[in-house]
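Throughout, read-outs are computed from the coordinates displayed, never taken from laboratory work. Here the structure is a predicted model, which means the values were calculated and not measured. Note that we place each Cβ from the backbone using ideal geometry, even for glycine, and neighbour counts take in every protein chain shown.
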Amino acid sequence: MKTRIAGTVVVAALVIFAGYAALYIAPDERTMHEIQRIFYFHVPSWITSFTAFTVVCLANVAYLLTRQQRWDSLGVAAAEVGVIGCTIGLLTGPLWARPVWGVWWTWDARLTTTFILWLLYVSYLLLRGLLEDPERRATLSAVFGIFAYLDVPLVYVSNRLWRTQHPQPVILGGQGSGLNPTMARVLLLCVVAVFGIMIPLLLDRYRLECLRHELDELRLAVEARSTNSDSALSPATGKDRS
Amino acid sequence: MSTARAAAILLTKELRLEFRTRELLNTTIIFAMVVVVLFSFAFNPTPEESRRYGPGLLWIAFLFAGSLMLHPSFAREQSNQTLDALRMAPVSTFAILLGKMLANFIFLSLAEVVLVPVFAVLYNVSLAGVIGRLILVLVLGTLGLVITGTVFSAVSAHARMRELLLPLLLLPILAPLLIAAVEATVSLLADEPVLDRTWTTFLAGFDIVFLSASWLLCDFLLEE
């Protein structure tokens, strides 16, 4: 419990400091001015969401190889966290695009890829909700998760070939690209802060899913026992037991 | 028994099953035609526009028709537990999947054979001179649709609301295929038709990626 409180305080401090740095410390951008500061929220939420989707794929592969329930729990936890990050990205993107590009939305490579990605992982979560048998749910959703992840580069390449409006990669993008060093440091801080929120969220969700699974198994065991005793004893006794 | 031989036997079984009633084919073709006609009402395209947007419409019709048609592929096996019988047969699971993919490919191709001429007439598109190259694009696109669709038909067959679920799983995955197939078809229907190498290669790549993935994952897909 103590570590939890300490962790919460650390993450809260980190988030407040990152917010302050993004709003006040980072230098003004030459052409976009204040509106560019949304960058410090937009990019970190993407980074976490793509990381989370990669975790989903790894968890899916690990589940199919080992058949351990915990990988399935990790998969669903990461998918939910990824969808949150993706949703934040999809909401902050248009807010930034409207004043800068003049439109809320354009069908450019990265936007389209992310939108499809969001749809794919929402379908992944929906699919899980509609499959009843736990083992089958884990296996089939793992297969779907792997297919979805394989699709991501294809979506990106196809849209890249098709049309694109996003800036050429600014960070690590070759000659003439690159962030102002202060901007880079603030961005890094914001990435750490967002991970600071997402990782505990993911771990908690993972634990919850494991507990839920345990509960389901216990419930099944109790049901199996009560049906056995129903057949052995009189109906009234069986009822008392359950 | 070799995988190819087993797949061929399963293919015969699927074809025989379908051609006894032809219900799947008939409904698919009529449904796709309804989409083609409704599109013309919704957008009222000029001849110039229909050449530009026609390919998109055609592929949307195929995608919708495919996502409905592929659903019974595995769901049909469930009503009489025939899937269990297939699983017990001494053949590889990939053979079962491959047989179904081939059967679905044939069904969807037959629907396209009917639909493409109808589309050409309704939208005043001349296909003379490009038919061979068009067939190549259609085959590559249909293969991708059928490969992913058959796999997802097996995934959704066990779920509740499976009829709704299959299009939901399938259509987002097919987004890159749609772009590639439409762009390749557009360049074939242009004033100076060319076979777009990039998009054709992309389509082939899509097919290869997902066929390999289904080969690797088919055991998990069909396990009890």
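Quick one, can you get me the convex hull of the C-alpha atoms of the range A:1-86 expressed as volume per residue in Å³?
Taking only Cα atoms, the range A:1-86 has a hull volume of 108 Å³ per residue.
Taking each residue in B:209-216, count the Cβ atoms of any other chain within 10 Å of its Cβ, then average. What number comes out? Mind showing how you got there, number by number?
Working: counts 5, 4, 0, 1, 6, 2, 0, 3.
Average per residue, whole number: 3.
Charges only on Cβ, +1 for Lys and Arg, -1 for Asp and Glu: so what's the dipole of chain A about the Cα centre, in debye to the nearest 20?
Dipole of chain A, to the nearest 20 debye: 340 debye.
State, to one decimal in nm², a quarter of the convex hull surface area for the C-alpha atoms of the protein assembly as shown, i.e. the direction-averaged projected area.
The number I arrive at for the protein assembly as shown is 30.1 nm².
Calculate the mean, over all residues of peptide A:120-130, of how many other protein chain Cβ atoms lie within 10 angstrom of the residue's Cβ.
Averaged over the peptide's residues, the number is 4.
With springs connecting C-alpha atoms under 10 Å apart, model chain A as a Gaussian network and identify which of A:A22, A:A184, A:A79 has the largest mean-square fluctuation.
Evaluated over chain A, the most mobile residue of the options is A:A184.
Kindly state, to the nearest 0.05, the FRET efficiency for A:F17 paired with A:N180, given R0 = 25 Å and r defined as their beta-carbon distance.
Computed FRET efficiency for A:F17 and A:N180 comes out at 0.85.
Can you name the helices of chain B, as whole DSSP H runs, whose Cα span along the helix axis is 24 Å or more and whose Kyte-Doolittle mean is not below -1.0?
Result, helices passing both filters: B:3-21, B:23-43, B:47-69, B:93-122, B:131-156, B:197-221.
Taking a cut-off of 29 Å, what percent of all Cα-Cα pairs in chain A are separated by more than that?
44
Using 1/(1 + (r/R0)^6) with R0 = 60 angstrom and r between the beta carbons of A:M1 and B:L136, what's the FRET efficiency to the nearest 0.05?
0.35
Provide A:W162, A:W118, A:W107 in ascending order of the number of other Cβ atoms located within 10 Å of each residue's Cβ, fewest first.
Working: A:W162 17, A:W118 20, A:W107 12.
Ordered by Cβ neighbours within 10 Å, fewest first: A:W107, A:W162, A:W118.
What is the P(r) of the range B:23-109, as percent of Cα-Cα pairs per 10 Å bin from 0?
15, 36, 25, 15, 8, 2
Over the Cα atoms of the range A:43-113, what Rg and Dmax result, in angstrom?
In Å, with Rg to one decimal and Dmax whole: 15.4, 50.
Dividing the alpha-carbon Rg of the range B:102-154 by 2.2 N^0.38 Å yields what? Numbers along the way, then the final one.
Numbers: Rg = 12.6 Å, N = 53, 2.2 N^0.38 = 9.9 Å.
Cα Rg divided by the expected 2.2 N^0.38 Å: 1.27.
Could you line up B:L171, B:L216 from fewest to most neighbouring Cβ atoms inside 10 Å? Walk me through the intermediate numbers first.
On the way: B:L171 19, B:L216 13.
Ranked by crowding around the Cβ, least crowded first: B:L216, B:L171.
Mind checking the log10 I(q)/I(0) for the range B:182-224 at q = 0.22, 0.31 Å⁻¹? Debye, one equal scatterer per Cα, no solvent, two decimals.
Results for the range B:182-224 at q = 0.22, 0.31 Å⁻¹ read -0.71, -0.97.
I'd like the projected area of the range B:3-221, averaged over all directions, using the convex hull of its alpha carbons. Report it in nm² with one decimal.
Computing the convex hull of the Cα atoms and averaging its projections yields 12.1 nm².
Comparing A:N60, A:N180, A:N228, which has the greatest mean-square fluctuation in the GNM of chain A with Cα pairs linked when under 10 Å apart?
Maximum among the listed residues: A:N228.
Once both axes come from the Cα atoms, what is the angle between helix A:69-101 and the longest principal axis of chain A, in degrees from 0 to 90, rounded to 10?
Helix A:69-101 sits at roughly 30 degrees to that axis.
I want the local charge near B:S126. Using Cβ-Cβ distances under 12 Å, sum +1 for each Lys or Arg and -1 for each Asp or Glu among the other residues.
0
Whole-Å semi-axes of the range B:111-224's equivalent ellipsoid, largest first, each the root of 5 times a Cα gyration tensor eigenvalue?
Ellipsoid semi-axes (Å, largest first): 31, 16, 11.
Binning every alpha carbon pair distance of the range A:89-135 at 5 Å from zero, what are the percents per bin?
Taking every Cα pair in the range A:89-135, the percentages come to 5, 19, 20, 17, 12, 9, 8, 5, 3, 2.
Can you tell me which of B:50-59, B:93-102 comes out highest on packing, and rank the rest after it, using the mean Cβ neighbours within 10 Å? Spell out each step's value before the answer.
On the way: B:50-59: 20.4, B:93-102: 23.0.
So the order, starting with the most tightly packed, is B:93-102, B:50-59.
Could you tell me the distance between the Cα centroids of the range B:161-224 and the range A:45-67, to the nearest Å?
The distance from the Cα centre of the range B:161-224 to that of the range A:45-67 comes to 23 Å.
What's the average, rounded to a whole number, of partner chain beta-carbon atoms within 10 Å of each residue's beta-carbon in B:147-157?
3
Would you compute the Debye intensity of the range B:38-166 from its alpha-carbon atoms alone, equal scatterers and no solvent, and pass along log10 I(q)/I(0) at q = 0.09 Å⁻¹ to two decimals?
Summing over Cα pairs of the range B:38-166 leads to -0.34.
Considering only C-alpha atoms, what is the centroid distance from the range B:57-85 to the range B:115-137, in Å?
For the range B:57-85 versus the range B:115-137, the Cα centre distance is 26 Å.
Projected onto the charge dipole of the range A:73-149 (+1 at Lys/Arg Cβ, -1 at Asp/Glu Cβ, origin at the Cα centre), which of A:I116, A:G89, A:L126 gives the Cα projection farthest towards the positive end?
Result: A:G89, furthest along the dipole toward the positive end.
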